[in-house]
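Computed from the coordinates by the stated procedures, all read-outs in this text should not be read as laboratory data. As the structure is a computational prediction, the values presented were derived from the model and not from experiment. FYI the Cβ positions are ideal-geometry reconstructions off the backbone, even for glycines, and counts take in every protein chain you see.
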Amino acid sequence: MLRTLCLAAGLGLAALPVLAQDVPVETAKLGKSGVTLHVHPFLTEEELATLRLVMTNKDALAVFVPGKPGSYAALAMSPDEGFIRDGQPVASAMALADFPDAATAAAEAAAACDAARKPKSKAPCVVVLEVGPAR
């Protein structure tokens, strides 16, 4: 079952293409979950700090990227709109959870973000955080 959580007034995920091959990643194991942060150059220091907290704190992860243990989730955002602006979450950022595989989670999150981004945003949404079973 697809679960969408628009966090703190609209956080969420993005659509394909979701990942660039040359974007650095950071990974963490958090309980039964493995979390990957894609460090895109458009992310601000505030956004990176928030995402790093999410990937290393179970409570923060549960708030920002909810889902059943063992399922896959993704958080996507528009490179033009980002994640947090003026101290507030951006409405087009989308977090979706409870998918059977990483590719589906990423694609669904990106699609939801693309549907929510402002018409003037030209760059398609990208996945910045992925969650799946720990390995």
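Across the range 129-135, computed HN-Hα scalar couplings (Karplus, 6.51 cos²θ - 1.76 cosθ + 1.60, θ = phi - 60°) run 9, 10, 10, x, x, 5, 10 Hz from first to last residue, x flagging Gly and Pro. Fewest neighbouring Cβ atoms within 10 Å first, the residues T56, T50, T27 line up as T27, T56, T50.
Under the combined filter of DSSP loop state and at most 14 neighbouring Cβ atoms within 10 Å, the range 19-70 retains these trypsin sites (Lys or Arg not before Pro): K32. Of the trypsin sites (Lys or Arg not before Pro) in the range 76-133, the ones in a loop by DSSP (not H, G, I, E or B) with at most 14 other beta carbons within 10 Å are K120, K122. Descending by average beta-carbon neighbour count within 10 Å, the peptides 86-98, 61-73 line up as 86-98, 61-73, the highest first.
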